[in-house]
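Below: the structure, in structure tokens.
The values are calculated or read from the model by the stated rules, or taken from the named source; none is laboratory data. Note that the structure is a prediction, hence the values are computed from the model and not measured. The area values use the complete protein model at the heavy-atom level, side chains included, leaving out ligands, DNA and RNA. Shrake-Rupley method; radii C 1.70, N 1.55, O 1.52, S 1.80 Å.
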Amino acid sequence: MAQQKLSTCLWFNGNAKEAVSFYTSVFKDAEVGKTAYYSEGAPLPKGTVLTIELRLLGHDFVALNAGPEFNFTPAISFVINCKDQEEIDYYWHKLSADPAYEQCGWLKDKFGISWQVVPAILNEMMTDQDESKSERVMQALLKMKKLNIEVLQKASKG
């Protein structure tokens, strides 16, 4: 796996290996790269997974196996631009682990990572030159948890 110049490091509380296994089951194109292990005298026992390289949808991640010092926050999320409703439904079903957290296409997975599962055409609808269209789309979107492409398209058309 060739290294990208910019990648994302995800800090897991001792369950990086479990997280990588989960994400490789969700993302059909997932690639797992090299694994590094803690050595003698490190914060975790020698031989424990330190990092695992992971690529999802062409984006490189490093899963860091660490401790409870840091948690994920919704201030950072990963956007999945979906081609159709079937793809939105697939990722929503696979990733969402906290129904109370779902809003406007946003969800939280079982590791606390925030995802936005959106139609690829959403940006186009939200930036339409006709402000009334984008406003109607925004109003429809604000009422949804999982996004519905058909409803958003109807809102755009008026």
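What is the range 33-109's relative contact order, in percent, from Cα pairs under 8 angstrom and six or more apart in sequence? With pairs under 8 Å counted, the relative contact order is 15 percent. In the context of the full protein assembly, residue 89 retains an accessible surface of approximately 60 Å², using a probe radius of 1.4 Å and ignoring ligands and nucleic acids.
Under 5 Å between amide hydrogens, built in the peptide plane, is the criterion, and for residue 82 it picks out 118, 120 among residues at least 5 positions away or on other chains. The figure for residue 125 is an accessible area of roughly 20 square angstrom, using a 1.4 Å probe on the protein chains alone. Annotation: the antiparallel percentage among DSSP beta bridges lying fully within the range 1-95 is about 70.
Taking 37 °C and 0.692 mPa s as the conditions, I'd like the Stokes-Einstein D for the chain in µm²/s, using the Kirkwood hydrodynamic radius from alpha carbon pairs. Spell out each step's value before the answer.
Values: Rh = 17.3 Å.
Calculated translational D: 190 µm²/s.
Residues 77, 39, sorted by accessible area with the largest first, give 39, 77 [1.4 Å probe; ligands and nucleic acids excluded]. For residue 147, nonlocal amide neighbours, meaning residues 5 or more places apart or on other chains whose placed amide H falls under 5 Å from its own, are 105.
Phi-derived couplings, Karplus 6.51 cos²θ - 1.76 cosθ + 1.60 at θ = phi - 60°, listed residue by residue for the range 75-86: 5, 10, 9, 10, 9, 10, 7, 9, 6, 7, 5, 4 Hz, with x used for Gly and Pro.
Just the number: Rg to Rh for the range 21-93, Cα atoms, Kirkwood Rh, two decimals. Value, to two decimals: 1.06. Once you reduce the range 26-62 and the range 84-158 to the center of their Cα atoms, the two points are 31 Å from each other. Among the lysines of the range 1-76, pairs at least eight places apart or on separate chains and with Cα atoms under 22 Å apart come to 5.
Given springs between every Cα pair under 10 Å in a Gaussian network model of the chain, which of 19, 30, 100 has the largest fluctuation? Looking only at 19, 30, 100, the largest GNM fluctuation is found for 100. Hey, any idea what Rg/Rh is for the range 85-158, computing Rh the Kirkwood way over Cα pairs? When Rh is taken as the Kirkwood radius, the ratio is 1.01.
Compared with the dominant Cα axis of the chain, that is its longest principal axis, helix 131-142 is turned about 50°. Using heavy atoms of the protein chains and a probe of 1.4 Å, the accessible area assigned to residue 124 is about 140 Å².
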